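What follows draws every value from the coordinates through simple rules; no lab data is involved. All of these numbers come straight from a predicted model, not from anything done at the bench. Note: ideal-geometry Cβ built from the backbone for every residue, glycine included; neighbour counts use all protein chains shown.
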Amino acid sequence: MLILMAESFGPSLPERLQAFGDVTEDMARLEEAEVLLVRSKTKCTRDFLEKAPKLKLIIRGGVGLDNVDREAAKERGIKVHNTPRASSIAVAEETFALMLAVPTHLVEGHLSMSQGKWEKKALKRTELYGKTLGLLGMGNIATEVALRAQAFGMKVLGYRKSGKSSPAAEVLSNMTEVLRQSDYLSLHLPLTEETRGLIRKETIEKMKDGVVLINTARGDIVDAKDVLSALESRKISWYCTDVWPKDPPQEDYPLLGAPHVLMAPHLGASTVENMLRIGDEIVAILENNVKEGLL
């Protein structure tokens, strides 16, 4: 079989995949591919899939599947898998790094000193200890964030529609109550029609004044104009994000360069260790499909 790697997954994976068949990174061979490996950049639309008549399996290295038209894949009999556990630690660590950077004034302190300033009196720190962290979504990543927050002495509330309990957080089925209590609010939801634009004027009004909002999930979960307005009024004190509607964001995206925005270029899952874990999950998925006679 031909395995097409549409994006980079680290230097060791191609050799590991050779046990299953030929491996290529040449997108011109899409029509020959039986297995397609993607991350975030490749958009597996209906039109895209029509160019891959032999395709049997798509593996998305990462959590979300919003870049794969699963309905079109199902109609074609193409199986779709992701690697939901691999990225949990990497994204959780970045979430926590963003959250820590705000009360420690890490960026402002560094920049001011690089400019020859000594802002010790101006930069007043606060602590995470004793604060309430709200997690919208309680999957693998949110659970890892919750465990780290517990170590910092934070109260952790999670929102999950089903209300299913978690050993790492007090889980509520009432999102409004999580919004109302949270000093820090971190987004860990998939992008669906229900969650697109979830953080907008109406939900922001229910949040605690001065909340710090962290988004390492998907850029389109927030309404950028409404978040900008909330930053200007200081209803939201900081917006910390690693995710954008598209990579890279358009130059006129409202939150680029806005005050009290801490941002990174979608680095959450880009750790050496995570690429190795993703490779492990990809190999396991291929082994299972071969064993079941699907490849």
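Of all the criteria given as (1) assigned to a strand (DSSP E or B); (2) touching a His at 6+ places or on another chain (Cβ under 6 Å), the one not satisfied by Leu123 is (1).
Residue-wise test of (1) under 21 Å from the mean Cα position of the chain (by Cα); (2) surrounded by fewer than 20 Cβ atoms within 10 Å (Cβ to Cβ); (3) farther than 22 Å from Ala86 by Cβ; (4) of a type in the set (Gly, Ala, Ser).
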position	(1), (2), (3), (4)
Ala122	no, yes, yes, yes
Arg125	no, yes, yes, no
Tyr129	no, yes, yes, no
Leu133	yes, no, yes, no
Ile141	yes, no, no, no
Leu147	yes, yes, no, no
Phe152	no, yes, yes, no
Lys155	no, yes, yes, no
Lys161	yes, yes, yes, no
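Just one of the listed residues (Glu170, Glu177, Glu202) is part of a helix (DSSP H, G or I) and more than 26 Å from Asp66 (Cα to Cα), and it is Glu177.
When the range 259-295 is filtered for residues that are surrounded by 15 or more Cβ atoms within 10 Å (Cβ to Cβ), among the small types (Gly, Ala, Ser) and in a helix (DSSP H, G or I), only Gly279 remains.
For every residue, the table says whether it meets (1) in contact with a Cys (Cβ under 9 Å, 6 or more places away or on another chain); (2) of a type in the set (S, T, N, Q).
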| residue | (1), (2) |
| --- | --- |
| Val63 | no, no |
| Lys74 | no, no |
| Ala92 | no, no |
| Thr95 | yes, yes |
| Ala101 | yes, no |
| Thr104 | no, yes |
| Leu111 | no, no |
| Leu135 | no, no |
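The set of residues in the range 205-221 being farther than 29 Å from Asp69 by Cβ and not in a strand (DSSP E or B) consists of Glu205, Lys206, Met207, Lys208, Asp209, Gly210. Do we find that Phe20 is more than 30 Å from Thr143 (Cα to Cα) and either crowded, with 17+ Cβ neighbours inside 10 Å or in contact (Cβ under 8 Å) with a residue 40 or more places away in the chain (or both) in this structure? Criteria met by Phe20.
Which one of Lys56, Lys41, Lys51 is more than 30 Å from Gly210 (Cβ to Cβ), over 21 Å from the mean Cα position of the chain (by Cα) and touching a residue at least 40 places away in the same chain (Cβ under 8 Å)? Result: Lys56 is the single residue among Lys56, Lys41, Lys51 that is more than 30 Å from Gly210 (Cβ to Cβ), over 21 Å from the mean Cα position of the chain (by Cα) and touching a residue at least 40 places away in the same chain (Cβ under 8 Å). Can you tell me which residues in the range 249-258 are surrounded by fewer than 16 Cβ atoms within 10 Å (Cβ to Cβ) and either more than 15 Å from Lys225 (Cβ to Cβ) or in contact with a helix residue (DSSP H, G or I) (Cβ under 6 Å, 6 or more places away or on another chain) (or both)? Selection gives Glu251, Ala258.
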